[in-house]
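Enquirer: For reference, the structure I am asking about is given below.
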Amino acid sequence: MAQKAHTYPPCDMQCVISSKPLISLWHLISGFHWQYFGATFFAGTAALARTGVNLFLGYFIDQILIKRQYGTKLIEAALIFAALIAGQAFSSFMSGKLAAQTGEGSTRRLRDYLFNHIQRLSFAYHSEAKTGDLLERATSDVDTLRRFFSDQAIGIGRITLIFIINLTAIYRINPRLAGISVVIVPVILVVSLLFFKQLSKSYASYQEQEAVLTTNLQENLSGVRVVKAFARQGYEIDKFEGNNAEKLRRGEKLNMMHALFWPISDLICAAQQITSSFIAALMAIDGVITVGNFIAFAGLLGWLIWPVRNLGRLIVDTSRALVSFKRITNILKVPEENLFIASCQPENGVKGDISFDHVSFEYEKNHPVLQDVNFSCKAGQVVALLGSTGSGKTSLVKLLPRFYDVTSGRILLDGVNLNEYSRDFLRSQIGIVEQEPFLFSASIRDNITYGMKHEVSQAKVEEVARDAAIHDVVESFTNGYDTLVGERGVTLSGGQKQRVAIARALLINPRILILDDSTSSVDMETEVQIRAALENLMKDRTTFIIAHRIQSIMDADLILVFDQGRIIQSGTHAELLSQPGAYQEIYEIQTRIDNALQEEIDNVSLL
Amino acid sequence: MSAYYDENELDDNVPLSGSLLHKLGGVIKPHWRTLLGGVLGIALVAVADAVFTYLHKEILDTAIIAGNKTVLWKLFEYYIALVVIQSIAVFLFVYFIGLQGERIRYDLRKKLFDHLQRLSLSYFSKTPLGWIMSRVTSDTEKMGDLLTWGIVDSTWASVNILFASIFMFIINWRLAILVVLSLPVMLFVAIKFRKRIYYHYRLSRKANSKMTASMNENITGVRVVKALRREEKNLENFKVLSSDMFNSSYRAAFLSALFLPTIQTISAFSLAMVLWQGGIMVENSFITIGGLQAFISYIMMILWPVQDLARVYAEMQNAVASSERVFSLLETIPSITDFPDTVEITSLLGDVDFQNVSFHYEDDEPVIRDLSFHVPQGNTVALVGPTGGGKTTIVNLLCRFYEPSEGVILVNGQDYQDFKLKDIQSRIGVVLQTPHLFSGTILENIRYGRLDATDAQIEEVAKLSGAHEFITSFEHGYQQDVGEGGNLLSVGQKQLISIARALLANPDIFVMDEATSSVDTLTEALIQKGMHQLMEGRTSFIIAHRLSTIKHADQIMVINAGRIEEQGTHETLMRVKGHYYNLYTHQFRQELETRLDPFNSKNNEDSRRN
């Protein structure tokens, strides 16, 4: 019964996306269609068996007890009775099991698919999307669907079958009784629909208040220093009290709804039951139906009326499930990035000669971020990019791994258009160290080897860690390289994260490097170490460095000064220094700083 | 369902001890009326259920089979009355028990929250936030359920079984024994089942939270995933997690599907026996047809109370564990409280002295060793030095968030532990490194400094701190919503509000932990201005990162490894050419670079939101 890990029947998600809602749902459980039919079938047999129990009881009373046919007939009857009940039990079990298989299996497949799909959506999509929203769709919406398939969809089928079968049985006993007994059913259905709809709303309001209360609590706990510092405990208690009392109030309201619905619907159902039973009893006394019939009828009637109450809830739940489904298909419709399409795949990697040929780029129409960019560099050279925020330098480097594609012009890598390489290949050749690197909740070792597709020896890991000036820090942790980073582990400082990211990049051994050399928010000693690590990293690699320090620029082979998407100056340090322009101004500021510092020191010595 | 979840919950196997029962009793006691109403209501419902079946027997025997319509009318009158009574009983029990549940949860949340306000900072430093949240949200839910539905469901089930058994004995004691004997078997099987189901259900919840965390991380770090080509590997890892979840979830569902049918099948044996033996008894007139039919009804319906009892029992363990956790939090004693003989003070103005102060957290290494210094009133002290050197601890000690392990801290010549905590903490104004705001309006946040301040006074301090300009630039001005934790404002704006708040409090001593994150020059200047307002004439302790703050301090202390490494004014320390000199020159260059912004890399950061 336990399914093999990672294997399940395939499902063509394209069908899911392109059809109408109900058909889409059907496609979503492809591979489980037989299970689903089975679940419905067994729900039917369970209903039949149950009805059979009631009918048999009536038969038993009429044909055996009243006609005094005792003896072996009794034992036979007992066995048949037990068999019917066991049959009902077995059918219920099968129905439940098959529905669970369908629900659990299909949603597990959906979850895996969504995980993969989301991570392959384009950069452009992810910069617009909200994490919380995506997460909710991939988790709680999927869970709503799971419950839909496991419980609600089958439940509706089951109740309908029970209703039809029991009504038929009653009809066969006496058509007039059947007519009388269904009068109340539409009323119950409507009442329960109305109730559950209203309940949904009230419950949403209750949950909203719960969220308010949780936020209140969380802020209070995380701001405990502020609360104590201003001695605001009394105020906080009052504030919480207000929210707490409101939750109580809403809960009481919700409770009142329940307290009214159940007895009132009980009364309505009971009214029907009493009336029908009474009429049936009269019929039995008058001989229109037999005693056994009456007994059977009493049993059947219960199953006819009471389950309809639940139907209201199931219908409301179904409409919610459809909403969740829509939200999921909206994501499924977004196309993924293609990673592997290539017309050029050099065996030994690339050298790293890059040139930009009249490259323009924009994220949205008519808002160009890069305009007519032209330059070229040879393998192993350092290109420094300068310019204010929004000047285009960050966008330029995003084009290299093809996170985005150029709008016009072309980029050449080793003389071949960048678009001819696959994204996967390019990214294997490019290493990136960001300003604020993202590390995963995993061991330090796992984080360093994150970009590797095969096993890496501990020696190799330590080697790159040493080059990145992080080895000593890691060794100082109790668990060394197995130390967990992130929420469940240690929190690394900004400087430490940068060095892990540098080690990570070193291990990949890329031909092309994209760097942000900002080392703000680290202390002096760490800054020196990071510089050294970066220097190791940049050896023999074509490097694009988004510069914040004059030192890194001075040694660059090519400096590009950006303004509003255009390169306004380019050349080496010496060349640019002799041209009047932005670069000169920048360098001049640097000299001013040096002088100011010297002055400062001198001032003190004089005192 | 609460989002906060403690992974270790699965391993709890807490027995129901006498003292725990006593404490639980204490929680219910104020609500004894609703409890009574609920229990009576549900008992009535259960009795009515049993009576219905018996009434049916009577109808069958004395009215239908006997062919007596008069009796039929009378019996149906009883029937109607019983239905009405039961409906009222249902209303009563749902109403009372639901009410009780909400009220008990309200009580518990209130008690927990109020108690948390009394606990010391040390508790919060060593206890994860999620853990505490889980106590107040998820554990109180479970306790509420235990004390309401737990009691009600077990009452209903027991009364139901009891009365059904009584009626069965009344009808025919021999058959009754047959049925009653099968009950323990059913109950035993049911409990075992439910426990397994519950176990797998909780496993699946645990797996679910792991899976969600993985999904979350993958989405947050998607750029790195793409850059490092981790899509395939991450999917593989994820599939393991989703498999785990599937396995336990399916297992729980499978067992659930198997559960009732199994109990039903067991009862099928009783039914077969009853039918057979009962048929023989009808033959010998030991039991009427109605009686037999009633028996069959009772047996078929006993399924429900049996499985209810099993459910309550299976879930009880977990609920008991929750209760233990809640009580243990309520019983935690705050580590810093007022001493018995406190001295009343009206101000904290005066010289501040640390005399041979040492401090260590729990059993760790000492963070501060034998620290002594004297600060005349009104002086500004700048604390500098490497991370982890002890600066924050000194400030925490001053605010009496922690108390010295050795040595003494004097204010105006008197040991500050002689004063009430509230008196100390309400007279020290604090601005933290990462400013913490509460959801609400800007006005409410500033007012936190002094609750009885008028709007005009708030505006005044906002002007002094330099916050007024940006506040009035918002659509709703002072009524602008700051968002959860202040996330609708930028870091610089939060700092300015933080300063305004401290100004409003008009403290005697000012403590600040300067932010290291850079903001744009304009906001920077405003923050400086606001800080000077606060430092004016007040004894101030600043954990300083900005050179202008440090340079103009009356005293600078370089704190390293828990000791004062260097101490003096800016000029004297520069001449030493030691630790301070290095720090200063490095930072000077950095600050100038940021200010003169040669690369224009930080344009208008504050005009954007976080």
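Enquirer: Where residues in segment B:544-567 are closer than 22 Å to B:I509 by Cα and either aromatic (F, W, Y) or part of a strand (DSSP E or B) (or both), which of them is most open to solvent (accessible area, probe 1.4 Å)?
Expert: This residue is B:Q567.
Enquirer: Has segment B:120-131 got any residue that is crowded, with 20+ Cβ neighbours inside 10 Å and either under 30 Å from B:I299 (Cβ atoms) or more than 9 Å from chain A (Cβ to nearest Cβ) (or both)?
Expert: no
Enquirer: Can I ask one more? Residues B:L36, B:L40, B:L44, B:L24: which one is among the hydrophobic types (A, V, I, L, M, F, W, C), at pLDDT 90 or above and farther than 25 Å from A:L267 by Cβ?
Expert: Only one candidate passes the filter, namely B:L24.
Enquirer: Please count how many residues of segment B:339-398 are assigned to a loop (DSSP other than H, G, I, E, B), under 23 Å from B:F510 (Cβ atoms) and out of contact with any strand residue (DSSP E or B) (no Cβ under 7 Å at 6 or more places or on another chain).
Expert: 6
Enquirer: Further, regarding this structure: Can A:I589 be described as farther than 30 Å from B:K577 by Cβ and in contact with a helix residue (DSSP H, G or I) (Cβ under 9 Å, 6 or more places away or on another chain)?
Expert: No: the conditions fail for A:I589.
Enquirer: From the list B:V90, B:V84, B:V71, B:V94, which one is within 8 Å of chain A (Cβ to nearest Cβ) and surrounded by fewer than 20 Cβ atoms within 10 Å (Cβ to Cβ)?
Expert: Answer to the selection: B:V84.
Enquirer: I would also like to ask the following. Conditions first: (1) within 37 Å of the chain's Cα centre (by Cα); (2) under 19 Å from A:M538 (Cβ atoms); (3) outside any helix (DSSP H, G or I). A:G380 passes all but one, so which condition is the exception?
Expert: (1)
Residue-by-condition table, conditions (1) of a type in the set (S, T, N, Q); (2) more than 8 Å from chain B (Cβ to nearest Cβ); (3) part of a helix (DSSP H, G or I); (4) more than 27 Å from A:N166 (Cβ to Cβ):
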position	(1), (2), (3), (4)
A:F37	no, yes, yes, no
A:F56	no, yes, yes, no
A:F60	no, no, yes, no
A:Q69	yes, yes, no, yes
A:E76	no, yes, yes, no
A:A86	no, no, yes, no
A:F90	no, no, yes, no
A:G96	no, no, yes, no
A:T102	yes, yes, yes, no
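This table checks each residue for (1) touching a residue at least 60 places away in the same chain (Cβ under 8 Å); (2) farther than 20 Å from B:F52 by Cβ; (3) touching a helix residue (DSSP H, G or I) at 6+ places or on another chain (Cβ under 9 Å).
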position	(1), (2), (3)
B:A164	yes, no, yes
B:F167	yes, no, yes
B:N172	yes, no, yes
B:L175	yes, no, yes
B:L178	yes, yes, yes
B:M186	yes, yes, yes
B:K192	no, yes, yes
B:Y201	no, yes, yes
B:S204	no, yes, yes
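Enquirer: Can we say A:S127 is open to solvent by 30 Å² or more (accessible area, probe 1.4 Å), within 8 Å of chain B (Cβ to nearest Cβ) and either at pLDDT 95 or above or in a helix (DSSP H, G or I) (or both)?
Expert: no
Enquirer: Looking at (1) more than 16 Å from A:Y8 (Cα to Cα); (2) open to solvent by less than 20 Å² (accessible area, probe 1.4 Å); (3) in contact (Cβ under 8 Å) with a residue 60 or more places away in the chain; (4) facing chain B (nearest Cβ under 7 Å), find the lone condition where A:R108 falls short.
Expert: (1)
Enquirer: Within the bounds of segment A:340-347, is there any residue that is small (G, A, S), touching a Phe, Trp or Tyr at 6+ places or on another chain (Cβ under 6 Å) and either surrounded by 15 or more Cβ atoms within 10 Å (Cβ to Cβ) or in contact (Cβ under 8 Å) with a residue 12 or more places away in the chain (or both)?
Expert: yes
Enquirer: Being open to solvent by 20 Å² or more (accessible area, probe 1.4 Å) and under 40 Å from the mean Cα position of the chain (by Cα), is that true of even one residue in segment B:568-579?
Expert: no
Enquirer: On to the next question. For segment B:515-543, name all the residues that are more than 14 Å from chain A (Cβ to nearest Cβ), assigned to a loop (DSSP other than H, G, I, E, B) and touching a helix residue (DSSP H, G or I) at 6+ places or on another chain (Cβ under 6 Å).
Expert: None; the set is empty.
Enquirer: Is one or more of the residues making up segment A:201-211 within 13 Å of another protein chain (Cβ to nearest Cβ), among the hydroxyl-bearing types (S, T, Y), farther than 15 Å from B:T140 by Cβ and open to solvent by 30 Å² or more (accessible area, probe 1.4 Å)?
Expert: yes
Enquirer: For segment B:145-152, does any single residue satisfy the condition of being buried (at least 18 other Cβ atoms within 10 Å of the Cβ), in contact with a helix residue (DSSP H, G or I) (Cβ under 7 Å, 6 or more places away or on another chain) and either within 18 Å of B:S267 (Cα to Cα) or within 10 Å of chain A (Cβ to nearest Cβ) (or both)?
Expert: Within segment B:145-152 (the criterion being buried (at least 18 other Cβ atoms within 10 Å of the Cβ), in contact with a helix residue (DSSP H, G or I) (Cβ under 7 Å, 6 or more places away or on another chain) and either within 18 Å of B:S267 (Cα to Cα) or within 10 Å of chain A (Cβ to nearest Cβ) (or both)), the answer is no, since none of the residues qualifies.
Enquirer: Could you figure out which of (1) within 14 Å of chain A (Cβ to nearest Cβ); (2) β-branched (V, I, T); (3) buried (at least 18 other Cβ atoms within 10 Å of the Cβ); (4) touching a Lys or Arg at 6+ places or on another chain (Cβ under 9 Å) isn't true of B:T434?
Expert: (3)
Enquirer: Could you list all residues from segment A:214-253 that are more than 7 Å from chain B (Cβ to nearest Cβ), in contact with a helix residue (DSSP H, G or I) (Cβ under 6 Å, 6 or more places away or on another chain) and either open to solvent by 30 Å² or more (accessible area, probe 1.4 Å) or of a type in the set (D, E) (or both)?
Expert: A:N243, A:E246, A:R250
Enquirer: Within segment A:544-602, which residues are touching a residue at least 60 places away in the same chain (Cβ under 8 Å), assigned to a helix (DSSP H, G or I) and among the β-branched types (V, I, T)?
Expert: Once the filter is applied, which keeps residues that are touching a residue at least 60 places away in the same chain (Cβ under 8 Å), assigned to a helix (DSSP H, G or I) and among the β-branched types (V, I, T), segment A:544-602 yields A:I553, A:I586.
Enquirer: Sticking with this structure for a sec: Looking at A:N366, A:N374, which is the one that is in contact (Cβ under 8 Å) with a residue 12 or more places away in the chain and not in a helix (DSSP H, G or I)?
Expert: After applying the criteria, what remains is A:N374.
Enquirer: A further question on this structure: Assuming B:S490 fulfils every condition listed in (1) farther than 22 Å from B:N396 by Cα; (2) open to solvent by 10 Å² or more (accessible area, probe 1.4 Å) apart from one, which condition is it?
Expert: (2)
Enquirer: Tally time: how many residues in segment A:58-80 are in contact (Cβ under 8 Å) with a residue 24 or more places away in the chain, under 56 Å from the mean Cα position of the chain (by Cα) and open to solvent by less than 10 Å² (accessible area, probe 1.4 Å)?
Expert: Selection size over segment A:58-80: 1.
Enquirer: A further question follows. Got a number for residues in segment A:228-267 being within 23 Å of B:D452 (Cβ to Cβ) and either small (G, A, S) or outside any helix (DSSP H, G or I) (or both)?
Expert: Count: 6.
Enquirer: Which one of the conditions (1) more than 10 Å from chain B (Cβ to nearest Cβ); (2) open to solvent by less than 10 Å² (accessible area, probe 1.4 Å); (3) within 17 Å of A:T45 (Cα to Cα); (4) of a type in the set (A, V, I, L, M, F, W, C) does A:F149 fail to meet, given that it meets all the rest?
Expert: Result: A:F149 passes all but (3).
The values are calculated or read from the model by the stated rules, or taken from the named source; none is laboratory data. Nothing here was measured: the structure is a model prediction, and the numbers come from that model. Cβ sites come from the backbone with ideal geometry, for glycine too, and all protein chains shown count toward neighbours. Keep in mind that these areas ignore ligands, DNA and RNA; they rest on the heavy atoms of the full protein, side chains included. Shrake-Rupley method; radii C 1.70, N 1.55, O 1.52, S 1.80 Å.
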